[in-house]
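The values are calculated or read from the model by the stated rules, or taken from the named source; none is laboratory data. Keep in mind that what you see is a predicted model, and the values were worked out from it rather than measured. Positions of Cβ are backbone-derived with ideal geometry, glycine not excepted, and every protein chain shown enters the neighbour counts. The area values use the complete protein model at the heavy-atom level, side chains included, leaving out ligands, DNA and RNA. Shrake-Rupley method; radii C 1.70, N 1.55, O 1.52, S 1.80 Å.
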Amino acid sequence: MITKQNKLLAHAVFLRLNAIGIAWIIVSMASGSTASAAAIAVSVTDQSGNSVPDAVIYATPRSGNIPRPLRPASIAQIEKQFTPKVTVVQTGASINFPNRDSVRHHVYSFSPAKSFEIKLYVGSPPEPVVFDKPGDVVLGCNIHDNMYAFVYVVNTPFFAKTDASGNAIIDGLPAGEFDFAIWHFAQSAPAPARPIRLRSDERLSTKISISLKTTGIGIDSQGKK
C-alpha cells in the first residue's frame, strides 16, 4: 500500500534526480564548448619591465594541414596617420587601405615580403592588397614622411596582438605541437620560436620579456626600418 509519506519520498527523489540531470547537462554543455580548444595567454614586457603593446604572438602547427580561414583586414589613414599602427594577417589574406582624410595619400612598401604602391587617392582603393608572403612589411606614405605602419604576415591562423597592457590571448587552438613565436617592430633582435605542446583543454599562461630599441624607430627613404 502506497502511503502519503511514500508518495512524498518518491517525489523528493524524482526532484533530486531531475536536478542532478539538469546540472549534468549544463556542465556537459559548458565543457563541450571548450573541451576541443586550447588557448595561450601571454603578457609581454620590455627590458625595463614596461608593458609592450602591439607585439604579435603566433603559434604555427608543426604538422598537419594548416587551416586557412583567411581574415581580411583594414588599415585606414586618419589625420595623416595609419590606423592601426600594427596589423597581423595570415599569408594570403587581403588588406584594404581606406583614406578617410580630405587630403590624398600615396601608400607604398618596398619590403621583400610585399612590395606595392597605391598612388595618390582618396576614399577606398578599388581592390585590396593581397599579402602572399610571410614576413614583416613596412608601410609608408610618399607624401607624408611621418606616416608609417607595420604589417606582419604569418603562416598560421593562430595569432593575436597585445593590447595597451601588453596582454594577448590566442584561443581556438587544436591539441598538438606548435612553434610559438613573438615579433615586435622595435625589437632589438629576432626572438627564436620555441616548441610547445597543447592538450585539447589546456590554457597556457606565460610572461615574455623582449628587448626594444629606444631610437631609430621608423622608416627611411627606402621604406626600411
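All other residues whose Cβ lies under 9 angstrom from that of residue 92 are scored, Lys and Arg at +1 and Asp and Glu at -1, for a net of 0. Net charge of the neighbourhood of residue 122, taken over other residues with C-beta under 10 Å away and scored Lys/Arg +1, Asp/Glu -1, is +1. Put a dot 7 Å past the Cα of residue 214, heading toward its Cβ, do the same for residue 202, and the two dots end up 3.8 nm apart.
Projecting the Cα atoms of 123, 189, 152 onto the charge dipole of region 93-216 (Cβ charges, centred on the Cα centre) puts 189 farthest toward the positive pole. Largest to smallest in accessible area, the residues 101, 171, 132 fall in the order 171, 132, 101 (1.4 Å probe, all protein chains included). A 1.4 Å probe over all protein chains sorts 80, 133 by accessible area into 133, 80, starting with the largest. What the phi angles of region 187-202 give under the Karplus curve with 6.51, -1.76 and 1.60, with θ = phi - 60°, is a coupling list of 5, 5, 8, x, 9, x, 5, 10, x, 9, 10, 10, 7, 5, 10, 8 Hz, glycine and proline written as x.
Just the protein heavy atoms count here, and of the accessible area of region 84-165 at 1.4 Å, carbon and sulfur take up 50 percent. Does region 86-204 come out rounded, prolate or oblate, given a ≥ b ≥ c as the square roots of the eigenvalues of its C-alpha gyration tensor, rounded meaning a/c under 1.5 and, failing that, prolate meaning a/b above b/c? Cα axes put region 86-204 in the prolate bin.
So if we plug the beta-carbon distance of residue 177 and residue 85 into 1/(1 + (r/R0)^6) with R0 = 30 Å, what FRET efficiency do we get, rounded to 0.05? According to the calculation, E is roughly 0.40. Of the residues 94, 211, 205, ranked by 1.4 Å probe accessible area with the largest first, the sequence reads 205, 211, 94.
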